[in-house]
Amino acid sequence: MTTPRSWFDPANDSPFGVHNLPYGVFTAGDRPGRRRIGVRVGDFVLDAGAAARAAGEPSALLDADSLNPLLAAGRPVWTEVRAALTRWLTEESHRDALAPLLLPLAEVELHLPFEVADYVDFYASEHHATNLGRILRPGSEPLTPNWKHVPIGYHGRSGTVVVSGTPVVRPHGQRKAPTDAVPSFGPTRRLDIEAEVGFVVGAPSTMGEPVALDRFREHVFGVCLVNDWSARDIQGWEYVPLGPFLGKSFATSVSPWIVPLDALEHARIAPPARDVEPLPYLDDRGGEPWGLDLALEVRLNGHPVSHPPFASMYWTAAQQLAHMTANGASLRTGDLFASGTISGPEPETRGALIELTWNGENPLKLPDGTTRAFLENDDEVVITATAPGPGGTVVGFGEVTGRIVP
Ligand code: MN
């Protein structure tokens, strides 16, 4: 299939060309306070509900104040809506009606694009899990015995998932270094990032009915970027025996644009070879591979500090979805599950400061002459990503940013 040319980007060289069409929710000065669904095209936001009306086509799903009704509608409708948007943006006959509905990106405010139902965070990078094992449990096997059998995850706090740009308040909590006799309470001294990719569930499932690997596409609408902020001192003291709790639940940031799964067809690759045979419900050999070739970049105060490769993830999102529902747990529209920190094999591809600085032992040197073991107040972290699109195009994800405030 050749990529259709859009009238707004004839050169077809924007990472937000007609091959991408990510969805978000915005407000703008022409209708203050009114949340609307937008589709990013180039450096503009198309008012999607107004575009549907201008094209004389059904608009209800695009005329909402969140993506939830569209998410709930399911795969056949997602395909129809994407086809309609593509038609409007590529057929010259729509140009005059739609061009006035393109608002400059700089003039809109972007919001959390869907109501987050349940939030689950996985731990799917073998390199990340191995590094953390070496740092936290020196002298023992870095990977726990279950790691290559079970996609490890935990339930996070959906109510504190926030859109990119939301300031992150340094959390207080119980901290206890191994050398301390007793814990103390106060602001975290070891505030960290986790560069991750998130998957947004659209179509719900029925309780008691697992969602098998081959039904991934039926339920998952799209993909965003996630920064799973982590207070390592709080986490280190609380996580045994039940896992992360207050060290993570204070804030999780997501990018404002949800890239449709359909825009990532050309990014699909085989996942890395597994050296342990997966149980049948997780065995994706012979099925559709859901490895994804996304290239991330992490910038700290404008300075690139890491380039995590999503292609290196051991467990795929399809396996995570199958695992998450293997016990009959149902999916709800707006469920978000994140990949876990993405770290590749090389030091410069690690997706968290605890790995990049080896638990603070080797602080990062920034161009302004300062060093960082962990985040300081006023630090700003930006995570971006791209993926290969059709015909040599690039699929952009935009960014997820956050600034630390006291
Ligand atoms: Mn995480």
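The values are calculated or read from the model by the stated rules, or taken from the named source; none is laboratory data. The model shown is predicted, which means the values in this text are computed figures rather than measured ones. As a convention, Cβ positions derive from the backbone with ideal geometry for all residues, glycine included, and neighbour counts pool all protein chains shown. Ligands, DNA and RNA are stripped out before the accessible areas are found, and what is left, the full protein with its side chains, is counted by its heavy atoms. Shrake-Rupley method; radii C 1.70, N 1.55, O 1.52, S 1.80 Å.
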Item to check | Solvent-accessible area per residue, Å², over the chain with all protein chains present [probe radius 1.4 Å] | outcome: 42 Å²
Checklist outcome for this item: Each label sits 7 Å from Cα toward the beta-carbon; between residue 185 and residue 281 the label points are separated, in nm, by 4.1 nm
Item to check | Alpha-carbon centroids, the stretch 193-223 and the stretch 381-405: separation in whole Å | outcome: 21 Å
Item to check | 0 to 90° range, to nearest 10: angle between helix 126-136 axis and the chain longest Cα axis | outcome: 30 degrees
Next on the checklist: With a cap of 15 neighbouring Cβ atoms within 10 Å, and only residues DSSP puts in a loop, list the chymotrypsin sites (Phe, Trp or Tyr not before Pro) found in the stretch 75-138.
Outcome noted: none
Item to check | Formal net charge of residues neighbouring residue 112 (Cβ-Cβ distance under 13 Å; K, R +1; D, E -1) | outcome: -2
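Can you give the local net charge around residue 274? Use residues other than it whose beta-carbon is closer than 13 angstrom to its beta-carbon, Lys and Arg +1, Asp and Glu -1.
-3
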Next on the checklist: Starting from 0.36 nm per residue, how many nanometres of slack lie between residue 366 and residue 154 once their C-alpha separation is accounted for?
Outcome noted: 73.0 nm
Checklist entry - How far is it, in nm, from the label point at residue 299 to the one at residue 265 when both lie 7 Å from their Cα along the line to the Cβ? => result 3.2 nm
Next on the checklist: Counting other C-beta atoms within 10 Å, and keeping those with at most 15, which DSSP coil GluC sites (Glu not before Pro) do you find in the stretch 308-406?
Outcome noted: 361, 376
Checklist outcome for this item: Dividing the helical contributions, -39500 (n - 2.57) per DSSP H run of n ≥ 4, by the residues of the chain yields a 222 nm value, nearest 500 deg cm²/dmol, of -4500 deg cm²/dmol
Checklist outcome for this item: Once residue 330 and residue 107 are pulled to full extension, the length gained, defined as 0.36 nm per residue separation minus their Cα-Cα distance, is 76.4 nm
Next on the checklist: Quick check: the distance between the Cα centres of the stretch 321-336 and the stretch 13-70, to the nearest angstrom?
Outcome noted: 28 Å
Checklist outcome for this item: In degrees, nearest 10, the alpha-carbon axis of helix 75-90 is tilted away from the dominant principal axis of the alpha carbons of the chain by 60 degrees
Checklist entry - Net charge near residue 242, counting Lys/Arg +1 and Asp/Glu -1 over other residues with Cβ under 15 Å of its Cβ? => result 0
Item to check | Zone of residue 378's modelled label, taken as backbone nitrogen in the stretch 292-316 under 20 Å from a point 7 Å along Cα→Cβ | outcome: 299-304
